[in-house]
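Here is the structure we will look at, set down as structure tokens.
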Amino acid sequence: MAEGKKEKNSNEESVKLFVGQVPKHMNEAQLLSMFKEFALVDEVNIIKDKTTRASRGCCFVICPSRQEADKAVNACHNKKTLPGASSPLQVKYADGELERLEHKLFVGMLPKNVSEAEVSALFSKYGIIKDLQILRGSQQTSKGCAFLKYETKEQALAALEAINGKHKMEGSSVPLVVKWADTEKERQARRAQKAQSQASNVPNVDSQHPSLFGALPVGYVPPYNGYGYQASSVMFALYGAPGAYGLMQYRLPPMQNQHAFHGIIPPVNQGNAIRGATPDLSPNMGPRNYAIPPASYVGSGYPNVPALQYPMAYPGGMLGHRPLSSSPGSVTPTGANSNSAASSSPGTSSGGQLEGPPGANLFIYHIPQDFGDQDLANAFQQFGRVLSAKVFVDKATGVSKCFGFVSYDGPVAAQNAIAMMNGFQLSGKKLKVQLKRDNKQNNPY
DNA sequence: TCATATT
């Protein structure tokens, strides 16, 4: 259906919108015709999973101008819910688009006594200044740099090329620095860099515990974890709760995963707590998964972590609802069967947002701050097959919002989880565990 | 405090 002039969209004028709450079954043609009712649209690109190519439930919409983009936003954002979506369409400028349209420059090496007016006078020669601020400290003292926005990219570029490294302000011996301002993404990357370099200031395990560290595979290089910092579970065992290391997420090397110990297994089942291959381990496995060589923990108790404080070892074993248990002689003295430990449930997922059937999805609040998806899954897997477990985190900081979801494959597990876990005290707060609100009304478009 | 997903 996409006919008409389809000029290349790298056009400076065109604007990219991000659209969320797009049902995964919709295709680009359908979305295009929908958005065309409200604005000129050049293109729709569904955002797909890199490997499965399945829709991720969102798309980009390219509009030929800012005006058209605004029309689409105003007409659609939070205004309509597509059939199958749980909440209204989210339509906004894609990440980086606003910045791209701002033509923002950074000016460095400003003498501290230079005022806005003086900077403005200089830069106005190259175009219309839409915004200008000198960065200042607590006493309003200049930090010697400024941000500056022009009306057009051409003006900004002209100023950059004319002034950067060439123009010296009166009384200054060094020329001004003029660059494109960092984008939000660049700043985030920088923050992450910094956080990482701080995180690597942890005690040196090698030198302090050479024998234990030496138990790791020789020459083994753990996979990159996205933070440039490798932590071994042995370190966790030595130093206690990894939450002390801040926001970092840790990933265990695959070899160690083979022995990953999932914290909520009753003692009597220790023998089962050594997992075999663990296809269900998320690559984002949270810090509370301890890979401990069997000899290190059998008979020596558990790592001292919150995950172990659940109402798991119920001496009457009334918790033992185990849909997955093939239970060949799996009834143990505690009643909690071996499934939790031996589970090979390939469907268990902690990352995705798979929903279970009605009545099988839980909303959980007051989750401990340092819990991740996998921790949540671990905490709730004893009540049934966990289809997904998700702790929500702040997009910018990665800090947990302390609420999340657990989905089971059936309502019985959910009810058991509510019965056992609602009000359960964890890290000083009582979990609130209730059925997730059902958002799925039938929505027209 | 109820599934937020940025090729």
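The values are calculated or read from the model by the stated rules, or taken from the named source; none is laboratory data. Bear in mind that the values here come from a model prediction, so they are computed numbers and not experimental data. All Cβ positions, even for glycine, are placed from backbone atoms using ideal geometry, and neighbour counts span all protein chains on display.
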Tell me, which residue of the stretch A:10-22 that is surrounded by 15 or more Cβ atoms within 10 Å (Cβ to Cβ) and either at pLDDT below 95 or small (Gly, Ala, Ser) (or both) is nearest to DNA strand B (Cβ to nearest atom)?
-> A:Gly20
Just need a number here: residues in the stretch A:355-403 that are within 12 Å of DNA strand B (Cβ to nearest atom), touching a residue at least 24 places away in the same chain (Cβ under 8 Å) and at negative phi.
-> 24
Can you tell me which residue among A:Glu68, A:Glu118, A:Glu99 is acidic (Asp, Glu) and touching a Ser or Thr at 6+ places or on another chain (Cβ under 6 Å)?
-> A:Glu99
When A:Leu132 is evaluated against the numbered criteria (1) among the aliphatic types (A, V, I, L, M); (2) touching a helix residue (DSSP H, G or I) at 6+ places or on another chain (Cβ under 9 Å); (3) within 30 Å of A:Met34 (Cα to Cα), which criterion, by number, is the only one it fails?
-> (3)
Any idea how many residues of the stretch A:404-422 are assigned to a loop (DSSP other than H, G, I, E, B) and either free of Cβ contacts under 8 Å to residues at least 60 places away in the same chain or within 14 Å of A:Asp375 (Cα to Cα) (or both)?
-> 1
Of all residues making up the stretch A:39-73, the number that are surrounded by fewer than 16 Cβ atoms within 10 Å (Cβ to Cβ), more than 9 Å from DNA strand B (Cβ to nearest atom) and of a type outside the set (A, V, I, L, M, F, W, C) | 7
Being touching a strand residue (DSSP E or B) at 6+ places or on another chain (Cβ under 6 Å), modelled with pLDDT under 95 and of a type in the set (Gly, Ala, Ser) narrows it down to one of A:Ser350, A:Ser407, A:Ser344, so name that one.
-> A:Ser350
Do the conditions hold for A:Lys79, that is, is it touching a Gly at 6+ places or on another chain (Cβ under 9 Å), at pLDDT below 95 and among the charged types (D, E, K, R)?
-> no
Sort out for me the strands (runs of 3 or more DSSP E) sitting completely within the stretch A:74-151 that have 1 or more residues that are away from DNA strand B (no atom under 16 Å from the Cβ) and on the phi < 0 side of the Ramachandran plot.
-> A:104-108, A:129-136, A:142-150
The number of residues in the stretch A:74-107 that are aliphatic (A, V, I, L, M) and more than 30 Å from A:Leu160 (Cβ to Cβ) is 5
Between residues in the stretch A:20-44 that are of a type in the set (Phe, Trp, Tyr) and residues that are more than 11 Å from DNA strand B (Cβ to nearest atom), which pairs lie under 8 Å by C-beta distance while being six or more apart or on different chains?
-> A:Phe35/A:Val41; A:Phe35/A:Ala72; A:Phe35/A:Cys76; A:Phe38/A:Lys71; A:Phe38/A:Ala72; A:Phe38/A:Ala75; A:Phe38/A:Cys76
A:Gly57 in a strand (DSSP E or B) and at positive phi | yes
What pairs come up if the first residue lies in the stretch A:47-69 and is basic (Lys, Arg), the second is near DNA strand B (Cβ under 6 Å from one of its atoms), and their beta carbons are under 8 Å apart, counting only those six or more places apart or on different chains?
-> A:Lys48/A:Arg56; A:Arg56/A:Ile47
